[in-house]
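All of the numbers you see were taken from the coordinates with simple rules; none came from a lab. Just so you know, these numbers come straight off a predicted model, no measurement behind them. Note that each Cβ is placed from the backbone with ideal geometry, even for glycine, and that neighbours are counted across all protein chains shown.
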Amino acid sequence: MIMKFKYLGIALVVLALASCGGGGDGGGGGGGGGDGSASFAPGTQTFSHCLANGSTNTIDTFGGFAVSSNIWNPGSSTYTQCTSASIQPSGGVASAEFDWNFASSNTNVKTYPNIQFGRENTYRASTTPLLPAPVTALPSLNVTGNVATTCNVGPCWYDSAFDIFFSSSANSWSKIPQAELMIMLQYNLSGDGKPGNIVGSFTYGGITYNVQYFMMNGEWPYVAYYPTTQISNININVGSFVQDAVRRGYIQSSYYLDMVEIGTEVERGQGVTTISNYNIQ
C-alpha cells in the first residue's frame, strides 16, 4: 500500500470526536504532545487525533518513530478515525491505538494508520539514522511487540501488517517506491478470504507464510507474506523476509530499505487495532 496523502485543509469536525474514542487535547495544531503516563518511561510523549470526512491527515514524530493517520484513499465513503500513541524517548512505542470506522461497499483500501520507522519516501526525512540502508548491509531490524485487531461492527475487511518500502539509492526521492514488501500479521480479506497471486511459501519462526507477488499498478514490484496462522506476539527479523524476496528476484540487492511501518489497512467496517511494547532494534 503506497501512501498518497490528500490534504484538504478543512477543520476537524465535532463528529470525529463523538464517533472515535481517545480524542486527545491537541495542542498548537501539532498533535497533543504530553508527558505520558506514570506507567511509561520519563519523557514519554502522547499524541492523539480524531478525524472525519474532510479532515486533514496528521503525523507526529518523536523518539525515532512517527505515528501517521494516513487516510489516503477514502473516496466517497463516510468515515471517522482516531489515532493515539505514547512514544518513549528511547525504547520504542509503549502503546498505540487506531479506532477506525469506514462505511463503504467497495473493496478498495481506504486508510492505513501506522507507526513509521525510517524515511517516508518523497514526503519527509528519516526518523532514524539507521535508515535508509542498503539491502546488502541492513541493520538488525528485529521487531518485537504485540498487536490485536478487533472488529466491532462488521463486516470488517482489513489487514494489520508491516509495510516496507525500497528506493534505488540512499538519496533517492522518487514519487513512487522501487519495491514494496508487506508482512501480514492479522487479516480478514474480502471475497473468499484468500490472497491471490500466490507464488510459493516461506517459513520463519515455525510459521509458514504464503508468498504473493505482482506489479503494483503496473509500476513497482509488490511482494506480501501471509501467515497461515494469525500473529499477535511479534518477534520478527525484517531482514529475513527481505532476503527471501531478494532470492526470489522480486527485490534487487542494489536497493535501499527506506522505511518499516506497522498499521492496519482498512477496506470497510468499524474496529480497533491496539499495539503495545513495540520496538525495532
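Hey, can you rank 261-267, 201-207, 243-249 by average C-beta count inside 10 Å, highest first?
261-267, 243-249, 201-207
Considering the alpha-carbon set of segment 185-227 alone, what are its Rg and its Dmax in angstrom?
Rg then Dmax for segment 185-227, in Å: 11.3, 33.
Shape call for segment 125-237 from the C-alpha gyration tensor, a ≥ b ≥ c root eigenvalues: rounded (a/c under 1.5), prolate (a/b greater than b/c) or oblate?
Cα axes put segment 125-237 in the prolate bin.
Within segment 144-159, name every residue whose backbone N is under 17 Å away from a label modeled 7 Å from Cα of THR107 along the Cβ vector.
155-159
Let me make sure I get this right: for segment 171-281, a, b and c are the square roots of the gyration tensor eigenvalues over alpha carbons, sorted descending. Under 1.5 in a/c it's rounded, otherwise prolate if a/b > b/c, else oblate. Which is it?
Because its axes are fairly even, with a/c under 1.5, segment 171-281 counts as rounded.
What is the diffusion coefficient of segment 61-148 in µm²/s, taking the Kirkwood radius over Cα pairs and the Stokes-Einstein relation at 37 °C with a viscosity of 0.692 mPa s?
D, rounded to a whole number, is 220 µm²/s.
Taking a ≥ b ≥ c as the square roots of the Cα gyration tensor eigenvalues, with a/c under 1.5 meaning rounded and otherwise prolate when a/b beats b/c, else oblate, which class fits segment 232-281?
Verdict is prolate for segment 232-281.
Of all the C-alpha pairs in the chain, what % are more than 33 Å from each other?
Tail of P(r) above 33 Å: 16 percent of Cα pairs.
Which of the peptides 173-182, 66-75 is most tightly packed, and how do the rest follow, judged by the mean count of other Cβ atoms within 10 Å per residue?
Going by the mean number of other Cβ atoms within 10 Å, highest first, we get 66-75, 173-182.
Where both residues lie in segment 93-240, what percent of DSSP beta bridges are antiparallel, nearest 5?
Expressed as a percentage, antiparallel bridges in segment 93-240 total about 90.
Kindly provide the helix-only [θ] at 222 nm of the chain, computed as the sum of -39,500 (n - 2.57) over DSSP H runs of four or more divided by all residues, to the nearest 500 deg cm²/dmol?
Helices in the chain give a 222 nm mean residue ellipticity of -1500 deg cm²/dmol.
For ASN152 and SER276, calculate 0.36 nm times their separation in residues minus their Cα-Cα distance, and state this gained length in nm to one decimal.
Result: 42.7 nm gained on full extension.
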